[in-house]
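The values are calculated or read from the model by the stated rules, or taken from the named source; none is laboratory data. Fair warning: this is a prediction, and the values are worked out from it, not measured in the lab. Cβ coordinates were reconstructed from backbone atoms using ideal geometry, including for glycine residues, and neighbour counts include every protein chain displayed. Surface accessibility is based on the protein's heavy atoms, side chains included, excluding ligands, DNA and RNA. Shrake-Rupley method; radii C 1.70, N 1.55, O 1.52, S 1.80 Å.
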Amino acid sequence: MNFQKQLESKQFIVLAEMNTPKGIDVSRFVMDIRQLKDRVDAVVVPDLDNGVMRMNALAGGVLAKRQGLETLIHVYCRDRNRMALQADLLAAHALGLHNLIVAPAQEISQCDHRDAAVVNDLNETGLLETIGTLQNGKDLAGFDLEGRPEFTVGCLMTPWSDKASFEEEIKLTQKKISLGASYVVTPPVFDTGRFAQQLAVLQTLNVPIVATVFLIKSVAVARYIAANEPGAYISEDLIRRIRKAQDREIECLKIAGETVSRLRDMTQAVLIQTMGWEHRLPALLDAAGL
Amino acid sequence: MITAERKPLEEIINCVKPFERILLVGCNECVTVCAAGGRKEVGIVSSALQMAFLKQGKNLQIKEHTLERQCDPEYVEELSTMITGVDAVVSMACGCGVQEVARRFKTVPVFPAVNTKFMGASERQGIWAERCQGCGDCLLGVTGGICPIARCSKQLLNGPCGGSGSGKCEISPDVDCAWHLIWERLKALGLQDRYEQIIPAKDWRTGRGGGPRKIIREDLAE
């Protein structure tokens, strides 16, 4: 079933994020995707995620689609101007990639090519407008297109640290929805209790909510997020649970699986991010009872 | 210097329309030299605004003042005695000056009356041209004193491109090909071998790629 129909069906949707390789050896990427067939509803291919230069999402998306999985790709503005973005969107559609997530980009000083020139010709709202323009059969210069692309478009919310930044993020997301985003992907959810408190506000957005589940892979990662992402709410109890586990890797997979399972009753979809541990996704899904 | 051009009067009128008393502030530095926002232009804009509003039966009160330098807090401070009772400030300085006034006077809206254009030089009377983009890592020593970042339409570090003809750029016969100028200059200096050197891909961190920039001189900073 395509992603648009999945959203309409109101069924619980499981998405898995698959990062492309830094290089041309796609064997692991393809293998990891193949093992997800019939286990997830779609895969999400980020584009140069976390500011790392790697194979782009367009190629990764096509490779994923070839394995028979419904595929979503990220699009972002830092490295391409409006001409390149539009050209890539047309290419994506022609290659069968009809599901987009308009994503923010890492600031260039935090990328692995810090000396690169930054483009930022459009921003996320501008890119959403651009997608709408293409869908109306025109490009941004007003010229007619041969054939109108149709995309299912979502947007990413950036992490909030307090009530004020949550309100700002909600306002910005409302703007993105008014420009065509038909679903919203949240920042990683670590504390489902706290997330439940925010859910009422998120539901006022009146679009499907995709809650992100980030696989914590070690005590160090947990501590890093707890210290640097004040809105993440990683508790000392959770860190202790990983630290005291006999097999920390299994424990981390269990924690993510339990989060997925709890979110099943709260949101229409989850997006699982494993950041390099894509091969452990089947075990994570087992832990989630999926 | 920083060059600027006055905004269309209509745009300035739209900004000040809701107000009755404004302070119109010029700057004695770059915008005076490029005849966009100095004392003389403050007077012209002031008269034009008053006439435009009188035609509509409205009496706009305008205080005029031109600061020695609007991007410098010690000069901007002069406005503190004039700002009382003013509904809005219209600045005729470059964007640096507008922001400095806005930073100092937080409760009064500040509107720009000029569009800041570029860092340039006067080619001849009444003509200014772009010369520098402030990339933060000056190449002029290598390129014979002509900047390919500011003056080549494609910002080529190893030019020219195929669009160079008879010393002009393909975008317009009025635009010199920067790489033609560089080559001619290096030839005149007997430094043709410099042209053979390949200039590596630029590190844009020193430019705007690294985010908003700041210079801290610890020997001068208080």
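Subtracting the Cα-Cα distance of B:Glu10 and B:Ile216 from their residue separation scaled by 0.36 nm leaves 70.1 nm. Counted over the protein assembly as shown, the DSSP beta bridges are approximately 25% antiparallel. Which residues in the range B:159-201 have a backbone N closer than 16 Å to a point placed 7 Å from the Cα of B:Val142 along the Cα-to-Cβ line? Within reach of a label on B:Val142, which here means backbone N under 16 Å from a point 7 Å along Cα→Cβ, the range B:159-201 contributes B:159-160, B:179, B:182-183, B:186, B:192-201. Only helical runs count toward this figure. For chain B, summing -39,500 (n - 2.57) over DSSP H runs of n ≥ 4 and dividing by all residues gives -7500 deg cm²/dmol at 222 nm.
The modelled label-to-label distance for the pair B:Ala35/B:Val175, using points 7 Å beyond Cα in the direction of Cβ, is 2.5 nm. Overall, the accessible surface of the protein assembly as shown at a probe of 1.4 angstrom is composed of carbon and sulfur to the extent of 51 percent. Per-residue ellipticity at 222 nm, computed for chain A from helices alone with -39500 (n - 2.57) per DSSP H run of at least four residues, works out to -12500 deg cm²/dmol.
Other residues whose C-beta falls under 12 angstrom from the C-beta of B:Leu186 contribute a net charge of 0, scoring Lys and Arg +1 and Asp and Glu -1. As a ratio to 2.2 N^0.38 Å, the alpha-carbon radius of gyration computed for the range B:64-123 takes the value 1.15. Using the 1.4 Å probe convention, the accessible area of the protein assembly as shown works out to 52 Å² per residue with neighbouring protein chains retained. Take each residue of peptide A:116-122, count the partner chain Cβ atoms within 10 Å of its Cβ, and average: the result is 3.
When the other protein chains are added to the chain by itself, burial of at least 40 square angstrom of heavy-atom accessible area (probe 1.4 Å, ligands and nucleic acids ignored) affects these residues of the range B:184-222: B:Trp204, B:Arg205, B:Gly209.
If R0 is 60 Å, what FRET efficiency do you get for B:Lys154 and A:Lys244 from their C-beta distance, rounded to 0.05? Using R0 = 60 Å, I get an efficiency of 0.50. Expressed per residue, the C-alpha convex hull volume of the protein assembly as shown stands at 235 Å³. Please sort through the DSSP H helices of chain B and keep those with an alpha-carbon extent of at least 27 Å along the long axis and a Kyte-Doolittle average not below 0.0. Helices meeting the criterion: none. Using a cutoff of 8 angstrom between alpha carbon atoms and counting only pairs six or more residues apart, the relative contact order for the range B:133-207 works out to 35 percent. Exposure check, 1.4 Å probe, all protein chains in place: B:Cys147 carries approximately 20 Å² of accessible surface. For the range A:1-128, the relative contact order comes to 24 percent (Cα pairs under 8 Å, sequence separation of at least 6). Distance between the C-alpha centres of the range B:118-185 and the range A:255-290: 56 Å, rounded to the whole angstrom. Entry note, chain A: relative contact order of 18 percent, from Cα contacts under 8 Å with a spacing of 6+ residues. Applying both filters, DSSP loop and at most 13 other Cβ atoms within 10 Å, to the chymotrypsin sites (Phe, Trp or Tyr not before Pro) of the range A:210-290 eliminates every site.
In the range B:133-207, the inverse of the mean reciprocal separation of distinct Cα atoms equals 12.7 Å; this is its Kirkwood hydrodynamic radius. Mean-square fluctuation check for chain B, GNM, Cα pairs under 10 Å: which of B:Glu29, B:Glu11, B:Glu41 is largest? Its mean-square fluctuation being the largest, the pick is B:Glu11.
Could you tell me the total accessible area buried at the B-A interface, probe 1.4 Å, in square angstrom to the nearest hundred? Answer for the B-A pair: about 500 Å² buried. GNM remark for chain A: springs join alpha carbons under 10 Å apart, and the peak mean-square fluctuation among A:Arg240, A:Arg34, A:Arg54 falls on A:Arg240.
Within the listed set B:Ile146, B:Ile171, B:Ile22, the Gaussian network model of chain B (springs between alpha-carbon atoms below 10 Å) gives the highest mean-square fluctuation for B:Ile171. For A:Leu72, the residues 5 or more places off, or on other chains, whose built amide H falls under 5 Å of its own are A:Val43, A:Val44, A:Val45. Annotation: the antiparallel percentage among DSSP beta bridges lying fully within the range A:67-186 is about 10.
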